[in-house]
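Notes for the one structure printed next.
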Amino acid sequence: MVLADLGRKITTALHSLSKATVINEEALNSMLKEICAALLEADVNIRLVKQLRENVRAVIDFEEMAGGLNKRRMIQSAVFKELIKLVDPGVKPYQPIKGKANIIMFVGLQGSGKTTTCTKLAYHYQKRNWKSCLVCADTFRAGAYDQIKQNATKARIPFYGSYTEIDPVVIAQEGVDMFKREGFEMIIVDTSGRHKQEESLFEEMLAVANAVNPDNIIFVMDATIGQACEAQAKAFKDKVDIGSVIITKLDGHAKGGGALSAVAATQSPIIFIGTGEHIDDLEPFKTKPFVSKLLGMGDIEGLIDK
Amino acid sequence: LLSYFRGIVGGKTIVLADLKPALEKMRDHLISKNVASEIAVKLCESVATSLEGKQMGTFDSIASLVREALTQSLVRILSPKRRIDIIRDALESNRGGKPYTIIFCGVNGVGKSTNLAKICFWLIENDFNVLIAACDTFRAGAVEQLRTHTRHLNALHPAANHNNRTMVQLYEKGYGKDAAGIALEAIKFAHDTKVDVVLVDTAGRMQDNEPLMRSLSKLIKVNNPDLVLFVGEALVGNEAVDQLVKFNQSLADYSSNETPHIIDGIVLTKFDTIDDKVGAAISMTYITGQPIVFVGTGQTYADLKAINVNAVVNSLMK
Ligand SMILES: Nc1nc2c(ncn2[C@@H]2O[C@H](COP(=O)(O)OP(=O)(O)OP(=O)(O)O)[C@@H](O)[C@H]2O)c(=O)[nH]1
Ligand SMILES: Nc1nc2c(ncn2[C@@H]2O[C@H](COP(=O)(O)OP(=O)(O)OP(=O)(O)O)[C@@H](O)[C@H]2O)c(=O)[nH]1
Ligand SMILES: [Mg+2]
Ligand SMILES: [Mg+2]
């Protein structure tokens, strides 16, 4: 993931600060320049990068700061805080409740990996003895129902869909109602890919959400996305109540920095990452442990709380 | 008045330091338009090289000179050195008694199968009949996806309207089989039954998945297609560079051919989802030097366009 790769670069950049004989504006600027270049190469939104740079600068006042050690500490802590902000929106993700029907709706851009990830998530819970199932509310994409059907059959996950019904709202409603009656605990609704430029697709997403009244809406983002992510993520959030983010295709070379704008734009945490095409290529994601591991410093919490 | 004259440094010889602020702004601007950052940097460097040492005219400003030079180089990058004329080449193949074959490749979920179907529609409208080879034998639903498109396309263009020629057929052998072998059979079938064009769909693959890249290289080597199209989405950021570099490298390295067949052209998809952040068009053409043959602008068969270089450059410079 982006920050994992950045970890090294940032450590190097901060290290250069420790070696500098004087810590002044110039040293700070050159460190920030290095960090920002690394973030941009990882597709982090340019506005967020600029903001990070300004926020760090704003808290560092060279006039007021005393000794060298203190300066270093303050700068490090300011950089860490800003980096953490990129992955941590500061809200707790929805926690599914065992023994109850949890309705999870998947949304996202075309081809981001929704359908694949739906099955992965159902399988993840099924393995942990939750009664999981899938509803295919994508009536648009050619072969969408067959895709879910084949995936679900292979994993022995019950599924609902239709070859003839063309209204995704009807299918979503019927499927969710049926599985609720049958006492399923994890009811996952897959929807078509869509984008903000096509209003009717967004209206359809809202109609599906209103029909099934989901406990959580998951926004699925592809790790290779660049600068267009922010506007799309924001538009999705404005239309439906997104609660979590999943970033897919992190098994490739992509660092996933573009997809992080989805965290900022939706104010929602990443809960899983997709790391391959197979059904068990899904890893739970926990922000705080990830960040401390990344920065490789045990006392990071101590550092940033000051 | 003072501010009006500030930008005008008439008659002066341009040195690098004069250019720096304007170039940094331009670089950030290009990045914000989704040009890969490495390429944004290189473009600005080449603008610097072209302007350094030049004499400024009385009414020139650094900013406008930079803009002008950059605009020119963007147009140059996007203007193909080589035109790919599929219609002409397919006709020529057919005259020689052979089907014209296109292989589509790219990473996962970018729109290979959908845009293959759109290109099929375009070919049918140009009176070619087509065989679609279902060589994605991995992803669930991949075969049914193509079968659905085949059905829709035949409904739009029934044989009755085309001298009783079935305009599109699907060649499929289900899942789990060797893709290269299926393509070979499909091409042979097309040859024997006088089908004009074969469109080969392949599974999406990550550019550094070696086994999958090897098998793509084999597919291309064994089948010797007329055209290899790389399908990339306009949404992609810095990864555009790595994808294309590694697809080309793999096709070259794993083919064990003296003159390996690498990517001939690009299909740029999902152009309707990015507003004015059109930078991926630059990243992809800069890296390959190959033309964008088609632009995908939506999810219907008609959403297939040729690239409009000036419109793209205008969006970039806006
Ligand atoms: N390598 C890799 N491929 C993935 C991952 N997740 C999904 N894919 C692939 O991405 C492609 C698109 O996935 P889908 O699940 O069909 O995407 P979608 O969002 O449902 O697509 P639409 O329904 O058309 O919008 C498929 O080839 C998947 O196998 C991942 O984590 N890693
Ligand atoms: N908005 C928009 N969506 C597109 C475009 N081209 C393809 N799509 C959508 O992108 C999604 C993925 O398309 P596919 O054709 O299945 O992609 P693929 O590359 O074949 O995917 P895999 O075979 O799984 O790797 C589908 O929902 C398509 O409808 C386009 O130009 N614009
Ligand atoms: Mg889907
Ligand atoms: Mg496909």
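What list of whole percents do you get for P(r) of the stretch A:48-165, with Cα-Cα distances grouped in 5 Å bins up to the one holding the largest distance?
Pair shares across the bins are 2, 9, 14, 13, 11, 8, 7, 7, 8, 8, 6, 4, 3, 1, 0.
Can you give the charge dipole size of the protein assembly as shown about its Cα centre, rounded to the nearest 20 debye, using +1 on the beta carbon of Lys and Arg and -1 on the beta carbon of Asp and Glu?
620
Going by a 1.4 Å probe on protein heavy atoms, which residues of the stretch A:118-156 end up with at least 20 Å² less accessible surface in the whole assembly than in their chain alone?
Buried-area filter returns A:PHE140, A:ARG141, A:ALA142, A:GLY143, A:ASP146, A:GLN147, A:GLN150.
Counting only protein heavy atoms and rolling a 1.4 Å probe, how much accessible area do A and B lose on contact, total for both sides, in Å² to 100?
So the buried area, both faces added, is about 3100 Å².
Kindly report, to the nearest 10 Å², the accessible surface of A:SER200 as traced by a 1.4 Å probe over protein heavy atoms only.
80
If packing is taken as the average count of other Cβ atoms within 10 Å, what order do B:239-250, A:21-32 fall into, highest mean first?
Those peptides, ordered most packed to least, come out B:239-250, A:21-32.
State the answer as a single residue: which of B:HIS191, A:ALA172, A:PHE106 lies farthest towards the positive end of the charge dipole of the protein assembly as shown, with beta carbon charges of +1 for Lys and Arg and -1 for Asp and Glu, about the Cα centre.
In the protein assembly as shown, that residue is A:PHE106.
Please check: in the Gaussian network model of chain A (C-alpha springs, under 10 Å), which one of A:ILE188, A:ILE166, A:ILE218 has the largest mean-square fluctuation.
So, out of A:ILE188, A:ILE166, A:ILE218, the one fluctuating most is A:ILE166.
Percent of accessible area on chain A owned by carbon and sulfur, 1.4 Å probe?
Answer for chain A: carbon and sulfur cover 51 percent of the accessible area.
Plugging the Kirkwood radius over Cα pairs into Stokes-Einstein for the protein assembly as shown, at a temperature of 4 °C and a viscosity of 1.567 mPa s, what D comes out in µm²/s?
Reported coefficient: 49 µm²/s.
Calculate, for the stretch A:160-286, the solvent-accessible area per residue in square angstrom, rolling a 1.4 angstrom probe over the heavy atoms of the protein chains.
Ligands and nucleic acids excluded, the figure is 35 Å² per residue.
Rolling a 1.4 angstrom probe over the protein chains, ignoring ligands and nucleic acids, what is the accessible area of A:TYR123 in square angstrom, nearest 10?
Approximately 60 Å² for this residue.
Taking the dipole about the Cα centre of the protein assembly as shown, with the C-beta of Lys and Arg at +1 and of Asp and Glu at -1, give me whichever of B:ILE87, B:ILE282, B:HIS162 is farthest to the positive side.
B:ILE282
In the stretch B:89-205, carbon and sulfur make up what percent of the accessible area (probe 1.4 Å)?
Its accessible area is 52 percent carbon and sulfur atoms.
Using only Cα atoms, locate the centre of the stretch B:246-318 and the centre of the stretch B:19-74, then give the distance between them in Å, rounded to an integer.
Distance between centres, Cα-based: 23 Å.
Between the stretch A:213-249 and the stretch B:115-135, how far is it from one alpha carbon centroid to the other, in angstrom?
With the stretch A:213-249 and the stretch B:115-135 each reduced to a Cα centre, they are spaced 33 Å.
Among B:TYR254, B:VAL312, B:TRP122, pick out the residue whose Cα is farthest towards the positive end of the charge dipole of chain B, where Lys and Arg carry +1 and Asp and Glu carry -1 on C-beta, about the Cα centre.
Comparing the listed Cα positions along the dipole, B:VAL312 ranks first.
Using only the alpha carbons of the stretch A:157-306, what is the convex hull's orientation-averaged projected area in square nanometres?
11.5
Give me the dipole magnitude in Debye, nearest 20, for chain A about the Cα centre, with unit charges on the beta carbon: positive for Lys and Arg, negative for Asp and Glu.
Around 860 debye, computed over chain A.
Where does helix B:37-51 land angle-wise versus the long Cα axis of chain B, in degrees 0 to 90, nearest 10?
Taking the Cα atoms of chain B, the angle to B:37-51 is about 50 degrees.
Given C-alpha coordinates of chain A, what is the ratio Rg to Rh with the Kirkwood estimate of Rh?
1.05
Quick one: accessible area per residue over chain B, 1.4 Å probe, rounded to a whole number of Å²?
43
Dipole magnitude of the stretch B:253-316 about its Cα centre, charges +1 at Lys/Arg Cβ and -1 at Asp/Glu Cβ only, in debye to the nearest 20?
Using only the charged Cβ atoms, the result is roughly 160 debye.
The values are calculated or read from the model by the stated rules, or taken from the named source; none is laboratory data. Since we're looking at a predicted model, the values are computed, not measured. Quick reminder, even Gly has a Cβ in these numbers, built from the backbone with ideal geometry, and neighbours come from all protein chains shown. Protein only, heavy atoms only, side chains kept; ligands, DNA and RNA dropped before computing areas. Shrake-Rupley method; radii C 1.70, N 1.55, O 1.52, S 1.80 Å.
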